[in-house]
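Notes to accompany the following structure.
What follows is calculated from the coordinates using simple rules that are stated; it is not laboratory data. Bear in mind the structure is a predicted one, so any value in this text is a computation, not a measurement. In this analysis, Cβ positions are derived from the backbone assuming ideal geometry, glycine residues included, and neighbour counts consider all displayed protein chains.
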Amino acid sequence: MAGLSWRIADEADIPAISDLQMRSIEELQKAFLTPDQIESSKKTMGLDRQLISDRTYFMIEGGGRLAGCGGWGRRATLFGGSHSAGRSDAFLDPDQDPARIRAMYASPDFARRGVGKLLLALGELAASEEGFSMLTLGSTLAGMPLYEAYGFREVSRVEDASGDGFNVPVITMTMPIDRSRAERTVTQSTGEATADTVLRLASARA
Ligand SMILES: CC(C)(COP(=O)(O)OP(=O)(O)OC[C@H]1O[C@@H](n2cnc3c(N)ncnc32)[C@H](O)[C@@H]1OP(=O)(O)O)[C@@H](O)C(=O)NCCC(=O)NCCS
């Protein structure tokens, strides 16, 4: 969808992010998980404050409304919220490690309108700007169709990621960065020239 806009999330956005994430978790996973599994998935999903303080988390708006949020990581944590197990704040090496795509959520009101694709392209472009050449992520079942359509491929999966017997899988996926495609996607979705996007990403880093 054209007509979307983006900005870097800050601390003041946390209540709106939490609200959107919860609605997305509860609504958009219904086609993929049972109610018990959705409840269990909350252990491995949600708000990661580190992404906000790293300024690598994006807010997407459409028609003046919050349409989605998601980001990317230059740290080792692969998936989950601040409350999830298995976190590592260690910095990745762009020459050796894939950058992480993190905490992707569309508002149920904006599902299948290109929000997920724009979030991926922004993360891909930002990671490319910092020298990464690969991306990886830990996907929900609900996320897989988006990531497969974008070019990610499964490399492994954990069948019971929450560790509580409800068998909510997390699927590790990877793909090489395709910078020119990411640039085109951002421009088509937002109308913003690539030079301006790159400038705004750089000022988020400064
Ligand atoms: C995964 C998620 C972020 C996708 O967001 P989205 O904005 O609806 O995705 P997009 O509109 O950008 O989809 C782009 C393409 O991906 C594919 N796709 C995305 N969601 C799909 C679905 N549910 N079924 C089939 N294909 C899908 C399609 O090819 C789609 O293009 P099309 O609509 O033109 O056919 C959203 O479903 C969501 O928030 N899910 C719940 C939370 C979650 O599981 N997040 C992932 C964490 S890893």
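With the chain treated as a Gaussian network of Cα nodes joined by springs under 10 Å, which of GLY86, GLY68, GLY143 yields the largest mean-square fluctuation? Result: GLY86 has the largest fluctuation of those listed.
Taking the charge dipole of the chain about its Cα centre, with +1 at Lys and Arg Cβ atoms and -1 at Asp and Glu Cβ atoms, the residue from PHE91, LEU137, LEU199 reaching farthest to the positive side is LEU199. Considering only beta bridges that DSSP places wholly inside the chain, some 95 percent are antiparallel. Based on the alpha-carbon gyration tensor of segment 68-192 and its eigenvalue square roots a ≥ b ≥ c, which shape applies: rounded if a/c is under 1.5, prolate if not and a/b is larger than b/c, or oblate? Note, shape of segment 68-192 comes out oblate. With R₀ set to 25 Å, the beta-carbon distance separating ASP93 from ALA206 gives a calculated FRET efficiency near 0.70. The calculated 222 nm mean residue ellipticity attributable to helices in the chain amounts to -10500 deg cm²/dmol, summing -39500 (n - 2.57) over DSSP H runs of n ≥ 4 and dividing by all residues. In segment 4-205, Cα pairs under 8 Å separated by at least six residues give a relative contact order of 21 percent. For segment 23-93 versus segment 133-206, the inter-centroid distance based on Cα atoms is 12 Å.
Once a ≥ b ≥ c are taken as the square roots of the eigenvalues of the Cα gyration tensor of segment 21-128, is the result rounded (a/c under 1.5), prolate (a/b larger than b/c) or oblate (a/b not larger than b/c)? Judged from the Cα gyration tensor, segment 21-128 comes out oblate (a/c at least 1.5, b/c at or above a/b).
Rounded to the nearest 20, the size of the Cβ-charge dipole of the chain about its Cα centre is 300 debye, with Lys and Arg at +1 and Asp and Glu at -1.
Using amide H atoms built 1.01 Å from N in the peptide plane, name the residues 5+ places from SER139, or on other chains, whose amide H lies under 5 Å from its own. For SER139, the qualifying residues are ILE171, THR172, MET173.
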